[in-house]
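Any read-out appearing in this document is the output of simple, stated calculations on the displayed coordinates, not a laboratory observation. No experiment lies behind these values; they were computed from the predicted model shown. Here the Cβ positions follow ideal geometry from the backbone for every residue, glycine too, while neighbour counts run over all protein chains shown.
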Amino acid sequence: MGTRRTPIKQWETDKRQATRIINRLMKHLMADGFTPPPEPVEGAKPVKSPLMTDSQVRAALGLLKKYMPDLKSIEHTGNPDHPVVHEIRRVIVDSPHSADAPGVSAAAEPE
């Protein structure tokens with residue numbers, strides 16, 4: 001098997017890990033009336049309980065914080081007496097094709 005043309009970036013790996021953790025926590029949250037099957041059938045895969053222990057939930061939340069840091073609100077305040085002013089200036093610079101430039105006739109300029 002060959003190598004990838006574009007290597008996996010760290011944020012892609014973190015996103016995949018976070019998705020797995022979130023899916024597992026969602027299964028745990030949605031397993032209200034989960035009842036495991038009475039007896040495992042020969043040759044069948046064992047049914048994994050979606051319920052998690054307290055320590056598993058704490059570990060999952062800790063890992064989730066590692067991959068998805070908490071978002072904090074930021075308030076930008078300033079001095080109302082001296083507000084920050086953003087100014088865009090557009091200046092017309094003399095063209096190299098002005099009337100004073102050599103090789104340009106006076107008839108070429110609009111009046």
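Annotation for Asp32 and Gln56: the two label points, set 7 Å from Cα along the Cα-Cβ direction, are 2.1 nm apart. Label separation (Asn23 vs His86): 4.1 nm, computed from points 7 Å beyond Cα along the C-beta direction. In plain terms, the residue of Leu25, Leu61 with the fewest other Cβ atoms within 10 Å comes first and the most crowded comes last, giving Leu61, Leu25.
With the simple model of a label 7 Å out from the Cα in the direction of the Cβ, Asn79 to Asp14 spans 3.7 nm.
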